[in-house]
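The values are calculated or read from the model by the stated rules, or taken from the named source; none is laboratory data. Note that the coordinates shown come from a computational prediction; the quantities given were computed from them, not determined experimentally. Every residue, glycine as well, gets a Cβ built from its backbone with ideal geometry; the counts of neighbours run over all protein chains shown.
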Amino acid sequence: MKIRTADFITSAAETGGCPEWEHPEFAFIGRSNVGKSSLVNMLVHRRHLAKVSSTPGKTRLLNFFLINRAWSLVDLPGYGYAKTSKTGKHEFNERVAGYLATRANLAHVFVLIDARHEPQRIDLAFIEWLVGNPATYSLVFTKADKQSPARNRASVARFLDAIAPLRRPPAREFLCSSTRGTGRDDLLRFIGDAARR
Ligand code: GDP
């Protein structure tokens, strides 16, 4: 897929603030620092896009971008801020959980996982919650350039083992490096196919 246009549309604080349109939406979520902004920028080749999302005040919002005037990339707030207060957690539940559980045109959720780490409890807990919802999801392993292909393969296998007991497996796994552009073509092809459905 060629990226012809990529426009920031709006930031929403709640489901009610989401754009009213029919475009299929592809949501990206992960722990903060997992490499989400880098991946979004790498995907659409626009450096300012994820900058919008990291603007103070917008990191806790759902940020909607329209790509090729055909599908929407939704940059969701990161989960698992180390210093999140109880109130912050509550906000995560209401905003992100509400969106993921009820959004009619949510086509797919990409859950970002740092390829270097052992399966983290917070990621597993999030996926455990996610599979109780209708949306389909894939795993995107980030920062693949930071370790050997053998270690990456082992990480992916370990993570898949950890979520094997869950009732719904991921649709796909992607191995990505934003610095090298690894995984970009695969991800965009997957989105292109899913957006046409
Ligand atoms: P976010 O908090 O999830 O949006 O994470 P960022 O995209 O800001 O990335 C967090 C840190 O990891 C930054 O220092 C990035 O430069 C680095 N990073 C992100 N993706 C990659 C990658 O694919 N390879 C390498 N080597 N570093 C990365």
Pick from the stretch 120-163 the residues that are of a type in the set (A, V, I, L, M) and over 16 Å from the mean Cα position of the chain (by Cα): which of them is surrounded by the fewest Cβ atoms within 10 Å (Cβ to Cβ)?
Ala150
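Given the options Thr15, Thr55, Thr10, Thr59, name the one that is within 14 Å of Leu106 (Cα to Cα) and modelled with pLDDT under 95. Explain how you work it out, then say what you get.
Details: Thr55 fails: within 14 Å of Leu106 (Cα to Cα); Thr10 fails: within 14 Å of Leu106 (Cα to Cα); Thr59 fails: within 14 Å of Leu106 (Cα to Cα).
Answer to the check: Thr15.
Going through Phe141, Phe159 one at a time, which residue ends up being outside any loop (DSSP other than H, G, I, E, B), within 16 Å of the ligand (Cβ to nearest atom), at pLDDT 95 or above and among the aromatic types (Phe, Trp, Tyr)?
Among Phe141, Phe159, only Phe141 is outside any loop (DSSP other than H, G, I, E, B), within 16 Å of the ligand (Cβ to nearest atom), at pLDDT 95 or above and among the aromatic types (Phe, Trp, Tyr).
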Residue check, Ala50 against (1) hydrophobic (A, V, I, L, M, F, W, C); (2) out of contact with any Asp or Glu (no Cβ under 8 Å at 6 or more places or on another chain); (3) within 29 Å of Leu175 (Cβ to Cβ), all met but one. Which one?
(2)
Going through the stretch 165-197 one residue at a time, which ones are within 16 Å of the ligand (Cβ to nearest atom), more than 16 Å from the chain's Cα centre (by Cα) and not acidic (Asp, Glu)?
Thr179, Arg180, Gly181, Thr182
Inter-residue pairs, beta-carbon under 8 Å, first more than 20 Å from Lys146 (Cα to Cα) and in the stretch 170-190, second within 14 Å of the ligand (Cβ to nearest atom), 6+ apart
Pro170/Val111; Leu188/Leu43; Phe190/Phe174
Just the residues that are surrounded by fewer than 17 Cβ atoms within 10 Å (Cβ to Cβ), of a type in the set (S, T, N, Q) and under 18 Å from Gly78 (Cβ atoms), please, taken from the stretch 4-32.
Ser32
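Please determine, by comparing only the residues of the stretch 9-18 that are under 18 Å from the mean Cα position of the chain (by Cα) and away from the ligand (no atom under 16 Å from the Cβ), which one is farthest from Arg121 (Cα to Cα). Give the derivation first.
Taking the stretch 9-18 as the starting set, the residues that turn out to be under 18 Å from the mean Cα position of the chain (by Cα) are 9-15, 18.
Then drop every residue that is not away from the ligand (no atom under 16 Å from the Cβ), which leaves 9-10, 12-15, 18.
Working: Ile9: 33, Thr10: 32, Ala12: 28, Ala13: 26, Glu14: 26, Thr15: 27, Cys18: 30 Å.
The residue in question is Ile9.
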